[in-house]
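The structure appears below as structure tokens.
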Amino acid sequence: MTDSKPSTPLSVKIFWTAVLAFCVLIAWRARNLDPASIAEHYGWMSVMPAVIALVICFVARNVVLALFMGVVLGGLITTDYNIIKSFLIPSLGTSRYAEILLVYLWALGGLLGMWNRNGGAMHFATWISENYVKSRRSALFFAWFMGVIFHQGGTISTILTGTTVRPVADREGVSHEELTYVVDSTASPVATIIPFNVWPVYVAGLIAIPSMSHFIADSDEAISWFLGAIPFNFYGWLAVTFTLLFALDKLPFMGRAMRRARERALTTGELDRPGAEPMVSEELTTVRLAPGYQPSLLDFFVPIVVLMGVAIIPYLIIGELLIFEAFGLALVSSMSLSILRGMRVKHAFDGLIDGIKGVTVGAIILGLAVTLANVSETLGASAWVIDSTSGVLNTVPFILPGLLMVICMGVSFSVGSSWGTYAVVFPIALPLAYAISADPMYVTLAFAAIMGGAVFGDQCSPISDTTILSSLACGCDLMDHVVTQLPMALAAAGTAIVLYTGIAIAIL
């Protein structure tokens with residue numbers, strides 16, 4: 001008797017057949033284009049790489065595949081079929097992508113690996129919980145505080161925060177739905193309003209491109225634009241504020257499902273819903289401490305102080321944000337301190353390498369995202385969108401910031417990725433906003449709306465890595481987490497949309 005493998009569903013076969021047929025159609029159409037007709041853009045085909053990437057994300061739930069297919073389609077449209085030479089090498093060989101790799105892959109990944117090897121983050125969490133957490137309210141506040149401290153966003157924040165606070169929260173009778181909401185809502189939202197992480201660098205790589213050079217000259221100005229938009233990232237601020245009020249039991253609304261979870265934990269002591277299937281998190285709670293090494297608070301605080309000091313002090317004095325130098329020196333300080341305190345050099349470098357390995361997939365996504373942004377730029381996607389929509393939006397321009405937020409909410413919820421959403425939306429939406437109104441405040445509102453809308457979907461989507469990992473780290477049923485956090489997240493998003501629309505009406 002032989003084992004039979006499950007066959008591919010018919011709907012999947014139909015979808016991929018349709019994608020292949022569409023790509024063939026595009027290739028035929030592109031080869032028959034009159035070169036004289038190509039001025040600023042390729043017409044409706046200019047946005048097809050971005051559209052196809054979004055559609056594949058919706059259906060296949062695979063961001064890497066979607067971004068790659070978008071790049072391939074770009075090659076078919078331009079008839080530059082050697083996409084490695086035409087798009088990948090020019091994009092991945094740029095200084096801005098090298099900077100992204102330096103911060104995200106080497107420095108940040110290495111620092112996480114060192115904290116895993118010297119136990120610094122876990123030791124800090126244990127110390128503060130033993131001294132300051134005395135009730136369920138203080139346990140939830142501790143979770144919120146740790147989410148702010150580990151402000152790198154995404155998988156980094158959810159893993160570090162969730163694994164360090166769960167034992168304390170369990171001891172104080174906090175339901176897993178409550179804890180997971182706090183952990184998830186202080187991941188990406190915090191990263192967008194506390195800029196001392198890799199987010200400004202990544203976003204700068206997407207918007208410091210020639211099609212935006214008339215209002216964003218280079219990466220430094222792009223980072224400054226990110227910083228200037230922070231006060232207007234209403235979803236980020238509201239999500240973090242709502243979570244704080246929730247932790248302090250001061251939020252006047254929380255939704256029926258979350259209220260039932262809280263009442264269950266208070267009355268029965270059950271941390272999960274009867275019949276729930278909590279995600280296992282043992283593999284995330286295991287610290288691979290170097291043999292014979294004694295963790296210390298210094299292992300956590302020294303690199304954090306170096307990171308903040310190098311990043312903040314020069315910015316306050318000379319207005320220059322030294323993100324690359326800050327992350328690099330934080331990693332060096334962590335490794336040096338661990339070695340001075342007795343860790344073998346081999347174990348320190350093992351921690352560095354393990355950390356880099358852990359974020360490799362993220363680096364691949366970053367590379368493809370930057371490449372797809374350059375494809376859209378080559379095709380003149382923003383120019384076509386501007387030509388096609390400026391007439392309508394010139395009539396009601398105040399709807400654009402709120403509309404961009406709604407679009408990004410839907411896209412990121414469907415694909416489970418804020419960064420993937422940024423890669424597709426920023427290169428098209430910002431030039432459109434600038435074409436409608438060159439008022440810096442108006443463009444800043446559009447920028448901030450994209451930031452917040454994409455983070456909403458990343459936080460709430462059941463296929464998002466942050467949603468899954470926060471449930472995993474906190475031991476919560478995945479869909480219980482999604483259902484219980486949605487009402488509060490939607491309230492924050494709805495308020496943000498109203499604010500964007502009101503401010504846009506006031507300034508136009």
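Here, each number is a calculation from the coordinates, and none is a lab measurement. From a predicted model like this one, the values you see are computed outputs, not experimental measurements. For neighbour counting, all protein chains shown are included, and Cβ atoms are generated from backbone atoms with ideal geometry for every residue, glycine included.
Taking neighbour Cβ counts within 10 Å as the exposure measure, how do LEU430, LEU65 sort from fewest upward? Mind showing how you got there, number by number?
Values: LEU430 24, LEU65 14.
Starting with the residue having the fewest Cβ neighbours, the order is LEU65, LEU430.
Pulled fully out, how much extra length does the chain show between PHE301 and VAL345, if you take 0.36 nm times their separation in residues and subtract their Cα-Cα distance?
Taking PHE301 through VAL345 to full extension adds about 13.8 nm, to one decimal.
Pop the C-beta distance of ILE313 and ALA257 into the FRET formula with R0 = 41 Å and round what comes out to the nearest 0.05.
Efficiency for this residue pair is about 0.35.
Checking the a/c ratio against 1.5 first, then a/b against b/c, what shape does the Cα gyration tensor give for region 438-508?
Details: a/c = 5.20, a/b = 2.54, b/c = 2.05.
Prolate shape, in that a/c is at least 1.5 and a/b is the bigger ratio.
Report the dimensions of region 332-450 along its three principal axes from the alpha-carbon atoms, largest first, rounded to Å.
Principal-axis extents of region 332-450 (Cα, largest first): 68, 28, 25 Å.
Can you pull the one-decimal nm distance between simple spin-label points at LEU25 and SER95, each 7 Å off the Cα toward Cβ?
Inter-label distance under the simple model: 4.4 nm.
With a cut-off of 18 Å, note down the residues of region 415-435 whose backbone N falls inside the zone around a label point 7 Å from the Cα of ASP80 toward its beta carbon.
427-428
Let a ≥ b ≥ c be the square roots of the eigenvalues of the Cα gyration tensor of region 390-490; is it rounded (a/c under 1.5), or, if not, prolate (a/b larger than b/c) or oblate? If you can, show how the numbers build up before the last one.
On the way: a/c = 3.25, a/b = 2.60, b/c = 1.25.
Cα axes put region 390-490 in the prolate bin.
What distance in nm separates the two pseudo spin-label positions at ASN131 and LEU508, each 7 Å out from Cα along the beta-carbon direction?
5.3
Which of the lysines could be linked to LYS346 by a straight reach, that is with a Cα gap under 26 Å, when you skip same-chain ones fewer than 8 residues away?
Counting by Cα, and skipping residues close in sequence, LYS346 has these lysines nearby: LYS357.
Give me the number: length gained by fully extending ASN394 to LEU266, i.e. 0.36 nm times residue separation minus the C-alpha to C-alpha distance, one decimal in nm.
40.7 nm
How much net charge surrounds PRO431 when only the other residues with a Cβ under 13 Å from the Cβ of PRO431 are counted, with Lys and Arg +1 and Asp and Glu -1?
-3
For GLU221, GLU377, what's the fewest-to-most ordering of other Cβ within 10 Å of each Cβ?
GLU221, GLU377
If you fit an axis through the alpha-carbon atoms of helix 256-268 and take the longest principal axis of the Cα set of the chain, what angle between them do you get, 0 to 90°, nearest 10?
In the chain, helix 256-268 runs at an angle near 10 degrees to the longest axis.
Hey, fewest Cβ within 10 Å first, where do TRP115, TRP106, TRP16 land in order? Don't skip to the answer; put the middle values down first.
On the way: TRP115 25, TRP106 18, TRP16 14.
In increasing order of surrounding Cβ atoms, one gets TRP16, TRP106, TRP115.
Excluding same-chain residues fewer than 8 positions from LYS134, which lysines have a Cα within less than 28 Å of its Cα?
By straight Cα distance, LYS134 reaches LYS250.
Summing +1 for each Lys or Arg and -1 for each Asp or Glu, what net charge is found among the other residues whose Cβ lies under 11 Å from the Cβ of ARG273?
Numbers: positive: ARG260, ARG264; negative: GLU177, GLU270, ASP272, GLU277, ASP477, ASP480.
Cβ neighbours under 11 Å give a net charge of -4.
Of all trypsin sites (Lys or Arg not before Pro) in region 92-145, which ones are in loop regions per DSSP and have a Cβ with at most 13 other Cβ atoms within 10 Å?
LYS134
At q = 0.19, 0.20, 0.24 Å⁻¹, work out log10 I(q)/I(0) for region 46-144 with the Debye formula, treating every Cα as an identical point scatterer and leaving solvent out; two decimals please.
The computed values of log10 I(q)/I(0) come out as -0.96, -1.00, -1.15.
Quick one: Cα centre-to-centre distance for region 232-276 and region 456-508, in angstrom?
13
If r is the Cβ-Cβ distance from LEU65 to ARG288 and R0 is 25 Å, what FRET efficiency results, to the nearest 0.05?
Working: r = 32 Å, r/R0 = 1.26.
The computed FRET efficiency comes out at 0.20.
Given a Förster radius of 35 Å and the C-beta distance between VAL332 and LEU490 as r, what FRET efficiency does 1/(1 + (r/R0)^6) yield to the nearest 0.05?
That gives a FRET efficiency of 0.20.
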